Every structure is written in structure tokens, then in C-alpha cells.
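Step one of this worksheet: look at the structure below.
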Amino acid sequence: RLVAPAGADAPPPRLCATLAHTGDALVLMGGWDGADGFFDDVWTFREGAWAREAATLPGPRSRHAACTLPDGRVVAVTHREVFVYDPSDGSVTTQPTTGPPPSARGLHAMARVGAHSVVVTCGAAQSGEMTGDAYVLDCDTWEWRALSATGPEPRAAGAAAPLDDNRVLLVGGAARL
């Protein structure tokens, strides 16, 4: 059954937001209204009801990607930075990283691999140029590492999911926007 709750307490409609599962809730972050407005809000959906969280993102964000770590924190990668939503205290913090990060991109795919790492792959620069590279972010040390694996043709707006602790399945995407 597909549930699409709406109503006075639901977040406004949006595109290019992220939705992650934290154990007892879904967390919706950011997005774009399809015209000129971008969102910096954080919403949770728990037990059939929406609630707007007090925390906000480091600014309006869309076209980012996010996934959940085993401890329930949600890691998001944007054009500019990494931020972390912690459901235990409702906070959003910008996370400093080390190592060579991926180029600035949006519409990228992201998936958790192993217990404490995420893979970020593909995406598009704001100029529209596509990329097909892949990076791993160790969420214990917060260090980026480029993967040398050969990947797909450059694309954006694909989806990724872990197959196991070492492999990610990437599907879809477009070679141009």
C-alpha cells in the first residue's frame, strides 16, 4: 500500500529532497518547490503524522543525497558540504571532512556500504556537466577517498542501494538533463 499523507500538517510539495529511514521515523530534508523556492527544513514522519523539526539545514538545499548510518544518523552530501541529522537530539551539523572530496555536484546517487561508509557516485555540476566517478566517505574518520573502479557512463539522477558490504547497485539516471 502506498501512503501519501497530505493535509495541513504535511510539508509543502517539493522536488529533489531526500527521505531517509531512521528506525522509528522517516526524515525529509530540503528540496525545491519547482519554481524559485528552495527549502532548508527538516520533517519527520512517525506513526502516520508529520512534524516539522526545529533544526534546519545549513541553508536551502536540493538535489542532494542522503542515507542512514547504523546508529540512526542521516548523512547528506550536497554541492558544497556534508551535513548530519541526528535524530537523538534533532540537530543538524555541518561535518568537516578530509581527503579529496568529489567535485561539486547534485542529483548524485549515494548508498551506505559496510557499517560506517557511504559511496557517492555520478551526478551533475551546476553547469550540467555529468560525472561518472565514485567516492567513499568513511563516516568514522570523515575522510574522502576516490574509487579507482570503472563505473558507468557519466549520468545524473540515478538511484543506488547496497548489494553487500562492498558493492553498490546503481540504476537509472540520465546522460543529460
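Computed quantities for the displayed model
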read-out: Residue 98 vs. criteria open to solvent by 50 Å² or more (accessible area, probe 1.4 Å), of a type in the set (Ser, Thr, Tyr) and at pLDDT 95 or above; value: yes
read-out: Flag if residue 128 is touching a residue at least 12 places away in the same chain (Cβ under 8 Å), open to solvent by less than 40 Å² (accessible area, probe 1.4 Å) and not in a loop (DSSP other than H, G, I, E, B); value: no
read-out: First in the stretch 50-68 and under 13 Å from residue 94 (Cβ atoms) and small (Gly, Ala, Ser), second anywhere and open to solvent by less than 30 Å² (accessible area, probe 1.4 Å) and assigned to a loop (DSSP other than H, G, I, E, B), Cβ under 7 Å, 6 or more apart; value: 55/90
read-out: Looking only at the stretch 10-22, and only at residues there that are in contact with a strand residue (DSSP E or B) (Cβ under 8 Å, 6 or more places away or on another chain) and open to solvent by 50 Å² or more (accessible area, probe 1.4 Å), the one that is nearest to residue 65 (Cα to Cα); value: 19
read-out: In the stretch 66-76, the residues that are open to solvent by less than 10 Å² (accessible area, probe 1.4 Å) and assigned to a strand (DSSP E or B); value: 74, 75, 76
read-out: Complete set of residues in the stretch 18-52 that are within 29 Å of residue 124 (Cβ to Cβ), in contact with a Ser or Thr (Cβ under 7 Å, 6 or more places away or on another chain) and part of a loop (DSSP other than H, G, I, E, B); value: 22
read-out: Within the stretch 32-49, tally of residues that are of a type in the set (A, V, I, L, M) and touching a residue at least 24 places away in the same chain (Cβ under 8 Å); value: 2
read-out: Tally of residues being loosely packed, with under 14 Cβ neighbours inside 10 Å and either in contact (Cβ under 8 Å) with a residue 60 or more places away in the chain or closer than 17 Å to residue 63 by Cα (or both) across the stretch 81-93; value: 0
read-out: Residue in the stretch 40-55 that is within 24 Å of residue 135 (Cβ to Cβ) and buried (at least 17 other Cβ atoms within 10 Å of the Cβ) present; value: no
read-out: Meets criteria (touching a strand residue (DSSP E or B) at 6+ places or on another chain (Cβ under 6 Å), in a loop (DSSP other than H, G, I, E, B), of a type in the set (S, T, N, Q) and under 30 Å from residue 176 (Cβ atoms)) for residue 103; value: no
read-out: Subset of the stretch 102-141 [within 14 Å of the chain's Cα centre (by Cα) and on the phi > 0 side of the Ramachandran plot]; value: 107, 122, 123
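The values are calculated or read from the model by the stated rules, or taken from the named source; none is laboratory data. Just so you know, these numbers come straight off a predicted model, no measurement behind them. Here Cβ is always computed from backbone atoms with ideal geometry, including for glycine, and neighbour counts include all displayed protein chains. Each accessible area value is taken on the protein alone, full model and side chains, heavy atoms only, with ligands, DNA and RNA left out. Shrake-Rupley method; radii C 1.70, N 1.55, O 1.52, S 1.80 Å.
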